[in-house]
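A.B. asks: Please read through the structure below; I'll follow up with questions.
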Amino acid sequence: MVTKPPASDIDETRLGVSAPQKKAVGVPAVLHALQIANEQMGLVRSAQTLLRINQKDGFDCPGCAWPEEDKRHVAEFCENGAKAVAEEATLRRIGPEFFAAHSVDDLRGHDDWWLGQQGRLTHPMLLDEGATHYRPVSWDDALDVVADALRELDDPDAAVFYTSGRTSNEAAFLYQLLVRGLGTNNLPDCSNMCHESSGSALTETIGIGKGTVSIDDIHEADLLIVAGQNPGTNHPRMLSALEKAKQRGARIIAVNPLPEAGLLRFENPQTPRGVLLGGTAIADSFVQIRSGGDQGLFQAIGKHLLEAEERDGGVLDLDFIAAHTSGIDAYRRAMTAVPWSELERATGIDEAGLREVGEAVRTSRATIVCWAMGLTQHKHSVPTLREVVNALLLQGNIGRPGAGVCPVRGHSNVQGDRTVGIYEKPGDDFLDALDREFSFRSPREHGFDTVAAIRAMRDDRVRFFLGMGGNFVSATPDTEVVEAGMARVDLTVHVSTKLNRSHTVTGRRALILPTLGRTDRDRRGGADQRVTVEDSMGAVHASRGRLAPPADDLLSEVAIIARLCERVFSRSAPPASPGGPVSHDGDPERGLPEHGIVEPERPDAAGADIPANVPHADWAALEADYALIRGHIARVIPGFEEYEARIQKGRTFFLPNGPRDARRFATETGSARFTVNPLEYPVIPPGRLLLQTLRSHDQYNTTIYGKDDRYRGISGGRRVVLVNADDIRDLGLRADQIVDLVSEWRGADGAMQERRAESFRVVAYDTPRGNAAAYYPETNVLVPLDSVADVSGTPTSKAVIVRLEPRASV
Ligand SMILES: Nc1nc2c(c(=O)[nH]1)N[C@H]1C(S)=C(S)[C@@H](COP(=O)(O)OP(=O)(O)OC[C@H]3O[C@@H](n4cnc5c(=O)[nH]c(N)nc54)[C@H](O)[C@@H]3O)O[C@H]1N2
Ligand SMILES: Nc1nc2c(c(=O)[nH]1)N[C@H]1C(S)=C(S)[C@@H](COP(=O)(O)OP(=O)(O)OC[C@H]3O[C@@H](n4cnc5c(=O)[nH]c(N)nc54)[C@H](O)[C@@H]3O)O[C@H]1N2
Ligand SMILES: [Mo]
């Protein structure tokens, strides 16, 4: 049965627990990174590779989306960037022999750590219906299988096209064109599980779904609030920027249920000070908030500022408020009405503590709020982030130097993917421009996001699934539902660099299409190709790999998609010359599209399996020269003018950002919006805990590099649950005991549902009462599919109600 959880390859009996560390990085981190690099790549390749990370003519680190400083260090990488690179640039290979030796059943019995350790994929592999093993196929045959399945679909909405955020702008743009050319907007992506709440809240309130600060703003800020983020592990290069800000006199406040090492003290291995003097204390204050209490904290900040204005004046930026915002009166009334006692309950922090944070904000000349998953993966994440905006707007802290919102993105090109069209809810302006450029009519009906895609699979409405990178089965919530849903799909296809669980829990037929990663040389059309990516701060730059790819005939993502486009849009289709106008298929009302594009004629009987309405381009030429794809992007998406010229010069360029560039807010009201959001916070039933699922120091999402979480004092294993010592006692448990985690969720029908993750070791940890933490993806099985954030639909990975059940026998 496919839903059988993998046997853990990690021997959890060797798990060790010691005191968490109070500082991050430093020399041990560099040594650890080099050791992993050496194991995977050997010494020469390690040196060649690590020195090119994030250099001007090098490749973009696949580790995270934090931007590069303009003046680069010789080694512009961090421990975890080096691990990400080693994982990709490894010399280990898995070809047809590997798949002949391991049945899919066998592979399914391994965890993501073991699967990832096997090496780079080298050959397209097909799993026939009923077969026990994948078998090698030629690229042509593999792509024919995909194209045939796509042509045979009765309904394009029965196909799902997932994207993970490593895909380059060029590949992503071509991919969304393929999907829209087929007639659907079913483009769920990892962002749906990640920063979607940020996008939703920021678009509503400031008119752009992105952050408004640049790296210079970070350096210039007077106060930085880092909330719901663990940069010491997940964005280590951010610590260098925070250190620099500090040295210029900035104050840093960490808001987190956990005292994360990187936020407390940081040893920068790139400066003598970091190595010799014990580093910089990063956070001036650590606000140990109750999980899910952040909306209360930002309301408290707003309330404090409003009260101070009332009392003394001179606190608010009244000119900014008058010129650029709407809704202040209703917001003021709401903040007056919310009692301090309620804010204390939400945050677990007393009024004096809350006012202290408020004072830090009041006295700051320029404030930035940075955040990540601790703020985005709650039921009330969107209201929480609207409240962040409210607090900043009061002092005009958006669109001036050293101030703004800074959602710190995860995957290295997740922001770029969205910019170039990976979105299930595309806007009409974008689609109109796309249609004009490629002479077709793209679908207007919105598609599935990640959770909607899973529901559709569960309900047997999905015939085809394609994953452009990522590990859909492990990364998504409610693992058992997802795995059962995957098994109902006719054909599942994964374009991947490494083996993962999504290759083992498949549809009736399955394909693995191996591809190039960032570090690999990408030679097409006789030339080395560059790709481009956008960092967390809206800066676009080129990336070029140099390493010999794992196999000679490996195709890039661009090449794979271009060849699919060729097969489904061009083969045996009529010539691309437009015929008479035709109305959009299935919508006779619509008639000629507004922009007056003449759509191609319906093909005759000979081409009856070709959709009538397809994009037109010279697909082979695009594959041979990615600059042509950038040309299309430049014509379709504002801000990419002279894309190629700017990239050729090796420059980084900033995409336009209304709030940052000109305090222009493209919202419904045409101004930045104060909003009223009734206070929400999790209520934990007696005897239960609120579980957050988070990353260890040795993993990249579902890729598990190793078994340690050095800063948190965990070694040799991953099945731990971190619990407050008083809760352990009150629950009648003891530290080191093995328990099952059982989540409790009341379904729409009112019935209580339970989900179970077995055998976790209880570890006493400094976390607020009632809050617990355990690693993802082992705990995804506990997250109910229907437990999603309001508005954004993001799974509530940081808020799962659980009880701990002692296991009868250890
Ligand atoms: N090495 C490495 N780097 C990565 C990744 C990786 O897995 N490994 N993943 C990448 C991706 S895709 C992403 S999205 C980012 C993720 O980066 P993070 O968001 O830093 O990742 P998480 O481990 O989910 O950590 C969430 C943090 O929020 C805190 N937190 C949890 N609940 C709350 C809350 O209610 N309030 C507050 N204030 N804090 C809370 C947790 O204690 C933890 O410190 O990192 C990216 N970079
Ligand atoms: N419980 C819980 N669940 C979560 C989260 C959480 O905090 N808690 N976080 C969520 C977040 S923030 C995110 S972003 C998602 C991540 O979800 P995904 O992006 O789907 O997952 P990853 O683990 O990053 O994907 C790893 C796989 O990507 C493939 N890969 C790597 N590089 C490349 C490349 O260059 N090209 C291609 N084609 N493939 C490549 C490899 O085969 C590798 O196995 O998970 C989400 N799920
Ligand atoms: Mo993410």
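The values are calculated or read from the model by the stated rules, or taken from the named source; none is laboratory data. Fair warning: this is a prediction, and the values are worked out from it, not measured in the lab. In this analysis, Cβ positions are derived from the backbone assuming ideal geometry, glycine residues included, and neighbour counts consider all displayed protein chains. Accessible surface is based on the protein model in full, side chains and every heavy atom, while ligands, DNA and RNA are left aside. Shrake-Rupley method; radii C 1.70, N 1.55, O 1.52, S 1.80 Å.
A.B. asks: Scan the stretch 212-232 residue by residue and report those that are open to solvent by 10 Å² or more (accessible area, probe 1.4 Å) and near ligand 1 (Cβ under 9 Å from one of its atoms).
C.D. replies: GLY228, ASN230
A.B. asks: Looking for whichever is touching a Pro at 6+ places or on another chain (Cβ under 6 Å) and touching a residue at least 12 places away in the same chain (Cβ under 8 Å) here; the options are PRO156, PRO124, PRO136. Which one fits?
C.D. replies: Details: PRO156 fails: touching a Pro at 6+ places or on another chain (Cβ under 6 Å); PRO124 fails: touching a Pro at 6+ places or on another chain (Cβ under 6 Å).
That would be PRO136, the only listed residue that is touching a Pro at 6+ places or on another chain (Cβ under 6 Å) and touching a residue at least 12 places away in the same chain (Cβ under 8 Å).
A.B. asks: Cβ-Cβ below 7 Å, separation at least six or inter-chain, first residue in the stretch 254-265 and free of Cβ contacts under 8 Å to residues at least 12 places away in the same chain, second surrounded by 23 or more Cβ atoms within 10 Å (Cβ to Cβ): which pairs?
C.D. replies: Every condition considered, no pair remains.
A.B. asks: I'd like to check something: does the stretch 393-409 contain any residue that is assigned to a helix (DSSP H, G or I), within 27 Å of GLU260 (Cβ to Cβ) and in contact with a strand residue (DSSP E or B) (Cβ under 7 Å, 6 or more places away or on another chain)?
C.D. replies: There is no residue in the stretch 393-409 that is assigned to a helix (DSSP H, G or I), within 27 Å of GLU260 (Cβ to Cβ) and in contact with a strand residue (DSSP E or B) (Cβ under 7 Å, 6 or more places away or on another chain).
A.B. asks: Mind checking which residues of the stretch 208-224 are within 21 Å of the chain's Cα centre (by Cα) and more than 16 Å from ligand 3 (Cβ to nearest atom)? Steps first, answer last, please.
C.D. replies: Within the stretch 208-224, the first condition is being within 21 Å of the chain's Cα centre (by Cα), and the residues that meet it are 208-215.
Correct list: ILE208, THR212, VAL213, SER214, ILE215.
A.B. asks: Can you tell me how many residues in the stretch 502-520 are open to solvent by less than 10 Å² (accessible area, probe 1.4 Å) and outside any strand (DSSP E or B)?
C.D. replies: 6
A.B. asks: Which pairs turn up if I take residues in the stretch 373-395 that are free of Cβ contacts under 8 Å to residues at least 60 places away in the same chain and look for partners that are open to solvent by less than 10 Å² (accessible area, probe 1.4 Å) with beta carbon separation below 8 Å, at least 6 apart in sequence or on another chain?
C.D. replies: LEU392/THR367; LEU392/VAL369; LEU392/ILE398; LEU392/ALA403; LEU392/GLY404; LEU392/VAL405
A.B. asks: Sticking with this one: Scan the stretch 173-189 and give yes if some residue there is within 16 Å of ligand 1 (Cβ to nearest atom) and under 30 Å from ASN80 (Cβ atoms), otherwise no.
C.D. replies: Within the stretch 173-189, one or more residues are within 16 Å of ligand 1 (Cβ to nearest atom) and under 30 Å from ASN80 (Cβ atoms).
A.B. asks: Quick check on ARG660: is it among the charged types (D, E, K, R) and within 16 Å of ligand 3 (Cβ to nearest atom)?
C.D. replies: no
A.B. asks: Sticking with this one: Pick out the one residue from SER168, SER197 that is of a type in the set (S, T, N, Q) and either at pLDDT below 95 or over 25 Å from TRP619 (Cβ atoms) (or both).
C.D. replies: Criteria check complete, one pass: SER197.
A.B. asks: Further question: Have a look at VAL762, VAL676, VAL721, VAL683 and point out the one that is within 30 Å of LEU385 (Cβ to Cβ) and without any contact (Cβ under 8 Å) to a residue 60 or more places away in the chain.
C.D. replies: Sole residue among the options that is within 30 Å of LEU385 (Cβ to Cβ) and without any contact (Cβ under 8 Å) to a residue 60 or more places away in the chain: VAL683.
A.B. asks: Hey, does the stretch 215-231 have a residue that's under 25 Å from PHE59 (Cα atoms) and within 16 Å of ligand 2 (Cβ to nearest atom)?
C.D. replies: Yes, because at least one residue in the stretch 215-231 is under 25 Å from PHE59 (Cα atoms) and within 16 Å of ligand 2 (Cβ to nearest atom).
A.B. asks: Here's something else I'd like to know. Criterion first (open to solvent by less than 20 Å² (accessible area, probe 1.4 Å) and more than 21 Å from SER743 (Cα to Cα)) does ALA433 satisfy it?
C.D. replies: yes
A.B. asks: Check ASP727, ASP766 and return the single one that is open to solvent by less than 40 Å² (accessible area, probe 1.4 Å), at pLDDT 95 or above and not polar (S, T, N, Q).
C.D. replies: On the way: ASP766 fails: open to solvent by less than 40 Å² (accessible area, probe 1.4 Å).
Within the list ASP727, ASP766, the selection yields ASP727.
A.B. asks: While we're on this one: Hey, can you tell me all the residues within the stretch 410-440 that are of a type in the set (Ser, Thr, Tyr) and not in a helix (DSSP H, G or I)?
C.D. replies: SER412, TYR423, SER439
A.B. asks: Could you list, in sequence order, all residues of the stretch 638-664 that are in a helix (DSSP H, G or I) and within 26 Å of the chain's Cα centre (by Cα)?
C.D. replies: Listed by number, the residues that qualify are TYR643, ILE647, GLY658, PRO659, ARG660, ASP661.
A.B. asks: Here's another thing I want to ask about it. Out of ILE253, ILE218, I need the residue that is outside any helix (DSSP H, G or I) and of a type in the set (A, V, I, L, M, F, W, C). Which one?
C.D. replies: On the way: ILE218 fails: outside any helix (DSSP H, G or I).
The match here is ILE253.
A.B. asks: Here is a follow-up. Taking helices (runs of 4 or more DSSP H) that do not extend beyond the stretch 288-391, which have at least 3 residues that are in the same structural domain as VAL213 (by TED's automatic domain parsing) and touching a Gly at 6+ places or on another chain (Cβ under 7 Å)?
C.D. replies: In the stretch 288-391, the matching helices (runs of 4 or more DSSP H) lie at 294-312, 340-347, 373-376.
A.B. asks: For the structure I just gave you, tell me whether GLU152 is within 16 Å of ligand 2 (Cβ to nearest atom), charged (D, E, K, R) and at negative phi.
C.D. replies: No.
A.B. asks: Further, regarding this structure: Can you say whether ARG151 is in contact (Cβ under 8 Å) with a residue 12 or more places away in the chain, in the same structural domain as ALA475 (by TED's automatic domain parsing), surrounded by fewer than 20 Cβ atoms within 10 Å (Cβ to Cβ) and more than 23 Å from PRO549 (Cβ to Cβ), as far as the supplied structure shows?
C.D. replies: Numbers: in contact (Cβ under 8 Å) with a residue 12 or more places away in the chain: yes; in the same structural domain as ALA475 (by TED's automatic domain parsing): yes; surrounded by fewer than 20 Cβ atoms within 10 Å (Cβ to Cβ): yes; more than 23 Å from PRO549 (Cβ to Cβ): yes.
Considered against the rule, which asks whether it is in contact (Cβ under 8 Å) with a residue 12 or more places away in the chain, in the same structural domain as ALA475 (by TED's automatic domain parsing), surrounded by fewer than 20 Cβ atoms within 10 Å (Cβ to Cβ) and more than 23 Å from PRO549 (Cβ to Cβ), ARG151 comes out as yes.
A.B. asks: Right, here's the next one. I'd like to check something: does the stretch 200-211 contain any residue that is crowded, with 24+ Cβ neighbours inside 10 Å, assigned to a loop (DSSP other than H, G, I, E, B) and either without any contact (Cβ under 8 Å) to a residue 24 or more places away in the chain or in the same structural domain as VAL495 (by TED's automatic domain parsing) (or both)?
C.D. replies: No - not one qualifying residue is present in the stretch 200-211.
A.B. asks: If we scan the stretch 554-566, do we find a residue that is within 11 Å of ligand 2 (Cβ to nearest atom), in contact with an Asp or Glu (Cβ under 6 Å, 6 or more places away or on another chain), part of a loop (DSSP other than H, G, I, E, B) and open to solvent by 10 Å² or more (accessible area, probe 1.4 Å)?
C.D. replies: There is no residue in the stretch 554-566 that is within 11 Å of ligand 2 (Cβ to nearest atom), in contact with an Asp or Glu (Cβ under 6 Å, 6 or more places away or on another chain), part of a loop (DSSP other than H, G, I, E, B) and open to solvent by 10 Å² or more (accessible area, probe 1.4 Å).
A.B. asks: Test of understanding: among GLN377, GLN395, which residue is within 16 Å of ligand 1 (Cβ to nearest atom) and among the polar types (S, T, N, Q)?
C.D. replies: GLN377
A.B. asks: Residues to consider are ALA172, ALA147; find the one that is within 16 Å of ligand 3 (Cβ to nearest atom), farther than 29 Å from VAL369 by Cα and in a helix (DSSP H, G or I).
C.D. replies: Numbers: ALA147 fails: within 16 Å of ligand 3 (Cβ to nearest atom).
Selected residue: ALA172, the only one of ALA172, ALA147 that is within 16 Å of ligand 3 (Cβ to nearest atom), farther than 29 Å from VAL369 by Cα and in a helix (DSSP H, G or I).
A.B. asks: A follow-up question, please. Restricting attention to the stretch 767-786, which residues are over 21 Å from GLY716 (Cβ atoms) and more than 11 Å from ligand 2 (Cβ to nearest atom)? Please lay out each step first, then the result.
C.D. replies: At the first step, the residues of the stretch 767-786 found to be over 21 Å from GLY716 (Cβ atoms) are 767-771, 780-786.
Answer for the stretch 767-786, where residues must be over 21 Å from GLY716 (Cβ atoms) and more than 11 Å from ligand 2 (Cβ to nearest atom): THR767, PRO768, ARG769, GLY770, ASN771, PRO784, LEU785, ASP786.
A.B. asks: Step by step: first the residues of the stretch 647-656, then only those that are in contact (Cβ under 8 Å) with a residue 24 or more places away in the chain and surrounded by 13 or more Cβ atoms within 10 Å (Cβ to Cβ), then the one that is farthest from GLY211 (Cα to Cα). Which residue is that?
C.D. replies: So, considering only residues that are in contact (Cβ under 8 Å) with a residue 24 or more places away in the chain and surrounded by 13 or more Cβ atoms within 10 Å (Cβ to Cβ), the one farthest from GLY211 (Cα to Cα) is ILE647.
A.B. asks: From the list PRO477, PRO443, pick out the single residue that is in a loop (DSSP other than H, G, I, E, B) and open to solvent by less than 10 Å² (accessible area, probe 1.4 Å).
C.D. replies: Numbers: PRO443 fails: open to solvent by less than 10 Å² (accessible area, probe 1.4 Å).
So the residue among PRO477, PRO443 that is in a loop (DSSP other than H, G, I, E, B) and open to solvent by less than 10 Å² (accessible area, probe 1.4 Å) is PRO477.
A.B. asks: Determine whether the stretch 583-596 contains at least one residue that is modelled with pLDDT of 85 or more, among the hydrophobic types (A, V, I, L, M, F, W, C) and either open to solvent by 50 Å² or more (accessible area, probe 1.4 Å) or under 26 Å from the mean Cα position of the chain (by Cα) (or both).
C.D. replies: There is no residue in the stretch 583-596 that is modelled with pLDDT of 85 or more, among the hydrophobic types (A, V, I, L, M, F, W, C) and either open to solvent by 50 Å² or more (accessible area, probe 1.4 Å) or under 26 Å from the mean Cα position of the chain (by Cα) (or both).
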